[in-house]
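Shown next, in C-alpha cells, is the structure this report addresses.
The values are calculated or read from the model by the stated rules, or taken from the named source; none is laboratory data. This one's a predicted model, so the numbers in the text were calculated from it and none came from an experiment. Here the Cβ positions follow ideal geometry from the backbone for every residue, glycine too, while neighbour counts run over all protein chains shown. What goes into the accessible areas is simple: the full protein's heavy atoms, side chains included, and nothing from ligands, DNA or RNA. Shrake-Rupley method; radii C 1.70, N 1.55, O 1.52, S 1.80 Å.
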Amino acid sequence: MNAEALTPPRPADADALIADMGARARAAAKRLAVATTAEKAAALHAGAAQLRAQAAAILDANARDMEAGQAGGLTAAMLDRLRLDEDRLSAIADAVDAVAALPDPVGREIDRAVRPNGMELSRVRVPLGVVGIIYESRPNVTADAAALGLMSGNAVILRGGSEAVHSNRAIHAALSAGLAASGLPADAVQLVPTQDRAAVGALLRAQGLIDIIIPRGGKGLVARVQDEARVPVLAHLDGINHLYIDGAADPAKALPLAVNAKMRRTGICGATETILIDRAYPAPLAIVDALIAAGCEVRGDKDVAALSPHVGPASAGDWDSEYLDAIVSIALIDGLAGALAHIDAHSSRHTDAIVTEDKSAAERFLSEVDSAIVMHNASTQFADGGEFGLGAEIGIATGRLHARGPVALEGLTTYKWLVRGNGQTRP
C-alpha cells in the first residue's frame, strides 16, 4: 500500500468518508441479516485463525502503541488496558471463537399469541443494522465488537482511540482477512482510517446510515457522544462501583473480596472504586491494611483515617471518582440504610455489591440498588459479559432503554412483529 493511501482524510472529507463507509456497511448489513448461523460462525473462526497467524505483526504494532503511550504519559492503568502479550492475544482469538459457538439470536422467537379472530402474532429477533462503536485504549474491543456484531447480523463501523491506533489496525487487518476467506462481505467490519476528531462528529451525524452508536471510554467521550449524536446512543458510562461490607459479613469472605474487587485489575470498568464498611463490622482495619499491602492508596473519611496513619483524607470528589488505578475511597457507614443512601447519591449505576451472611439484608440490597449489575458475596470484577456466559461484550450499558448490563449478542438485536392471517379484515 502506498503512502498516499495511508494518509488520513482531511477534516473536510470526514462527512464524505463516513457516508461512504456507512453506505457500504448498510449493503453488508443486508447480507448479514440473512446469513446462516454456519456462515457467520465460519467467518468468526476464520478471523480467530488469522489473529493467531498474524500474532507477530499484531504484537509488534502493539509495542509501537505502548512505546508512544509511555512517552505520552499514559497512566499505569491505561497502559495495562492497552498492553497485549501472547496470552492476551490468544485470549482475544479464543473469545472470537467462543462467540461463534454462542446461540444465534437472529430469528429467535420471543413470544407467540393467537388473537380471537385467528390471526397468529409472533415477535422474532432481528439485527439492529449498522452499529457505530467509538472506543478508547483497549484494542481487544476491536475484536470483541467485530465478533459480536457479525454473529448478531450487524455491520459495524469501529473508531478506536489514538492510543491503540496501530494495534487496532493490525487486529482489523486480521479479521478482514478472515472475512474475505469466508465469503461474507469485508465491509461488514470497517475501521475508520483516521484519528481526526471530525470523523467522530460525522459518525454521530450519520442518520439513515448508522442505526445506533455505542461509546466506550471516559466521561469526556461519552458526554460528547450524548451531546452531539443524532442517532440513538447505547451509553456505557463510568464505573463508580461500590462494595458494601455489611455488619453480618464473614471476614473470611470480606477481606479477599475487597482486595480482589479493587486490585485484580484496577483499569477495568468493573473495578471497585469505593468500599463502604458497616460500623458494626468487626475488622475494618484488616481490610485497610490488606489493601495498602497490595499496593493500593487508601483515601478515607475521618473515621477510616483514624484507623491508620497510612490513610489519606478523602475529598468530596473522591466519592464520585472512577480512579481506574490503585486508589480506593473507604467510608464507615451506619448500616445497610447508610450504604443504600451513599450508593444512591454516588453510584454511576454500573455495578454495586454487598458482602453479608444476612439473607434479608442481601435481598434488600439486590432489590433497592438501582444499578445495571447488583451482586451479593461476589467481586465486582465479575462485571463482564464473558463471566456472565455471554461471550465477549460491547460494553456495560448503564441506562434503562433497550439493553442494560453486559451488551452481547441479544443486546445487539431488536425485534419485529410477524402477523400471519387467513383473510381477516378489521371491522
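Structure summary
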quantity: Single unsatisfied condition, L285 versus (1) at pLDDT 95 or above; (2) crowded, with 22+ Cβ neighbours inside 10 Å; (3) not in a strand (DSSP E or B); calculated: (2)
quantity: Matching residues in segment 377-420 - criterion: being within 24 Å of A101 (Cα to Cα) and of a type in the set (A, V, I, L, M); calculated: A383, L390, A392, I394, I396, A397, A403, V407, A408, L409, L412
quantity: Residue within segment 251-261 that is without any contact (Cβ under 8 Å) to a residue 24 or more places away in the chain, assigned to a helix (DSSP H, G or I), open to solvent by 50 Å² or more (accessible area, probe 1.4 Å) and of a type in the set (A, V, I, L, M, F, W, C) present; calculated: yes
quantity: Residue check, G389 closer than 30 Å to R159 by Cα, small (G, A, S), without any contact (Cβ under 8 Å) to a residue 60 or more places away in the chain and open to solvent by 30 Å² or more (accessible area, probe 1.4 Å); calculated: yes
quantity: Enumeration of residues in segment 386-410 that are under 21 Å from S347 (Cβ atoms) and not in a loop (DSSP other than H, G, I, E, B); calculated: G395, I396, A397, G405, P406, V407
quantity: Enumeration of residues in segment 9-56 that are open to solvent by less than 50 Å² (accessible area, probe 1.4 Å) and of a type in the set (V, I, T); calculated: I18
quantity: Some residue of segment 348-357 being under 28 Å from A76 (Cβ atoms) and among the hydroxyl-bearing types (S, T, Y); calculated: yes
quantity: Candidate set: segment 85-111, residues that are more than 17 Å from F388 (Cα to Cα) and among the small types (G, A, S); chosen: the one surrounded by the most Cβ atoms within 10 Å (Cβ to Cβ); calculated: A93
quantity: Count - residues of segment 1-28 that are at pLDDT below 50, within 30 Å of the chain's Cα centre (by Cα) and among the charged types (D, E, K, R); calculated: 0
quantity: Lone qualifier among L82, L59, L150, L121 - being open to solvent by less than 30 Å² (accessible area, probe 1.4 Å) and more than 22 Å from G220 (Cα to Cα); calculated: L150
quantity: Residue in segment 231-241 that is under 20 Å from the mean Cα position of the chain (by Cα), of a type in the set (S, T, N, Q) and crowded, with 16+ Cβ neighbours inside 10 Å present; calculated: yes
quantity: Pair list, Cβ < 6 Å and 6+ apart or interchain, from segment 366-380 residues that are under 20 Å from N260 (Cα atoms) and open to solvent by less than 30 Å² (accessible area, probe 1.4 Å) to residues that are not in a helix (DSSP H, G or I) and not β-branched (V, I, T); calculated: I373/A383; I373/G405; M375/A353; T380/N241; T380/G270; T380/A353
quantity: Any hit, segment 410-417, residues being buried (at least 24 other Cβ atoms within 10 Å of the Cβ) and within 23 Å of I275 (Cα to Cα); calculated: no
quantity: Top-ranked residue in segment 198-227 [being surrounded by fewer than 17 Cβ atoms within 10 Å (Cβ to Cβ) and modelled with pLDDT under 90; ranked as farthest from the chain's Cα centre (by Cα)]; calculated: D227
quantity: Answer from T398, T356, T425 - the residue that is of a type in the set (V, I, T) and modelled with pLDDT of 95 or more; calculated: T356
quantity: Some residue of segment 265-274 being in a helix (DSSP H, G or I), open to solvent by less than 60 Å² (accessible area, probe 1.4 Å) and touching a strand residue (DSSP E or B) at 6+ places or on another chain (Cβ under 9 Å); calculated: no
quantity: One residue from S367, S308 being part of a helix (DSSP H, G or I), of a type in the set (S, T, N, Q) and over 23 Å from A77 (Cβ atoms); calculated: S367
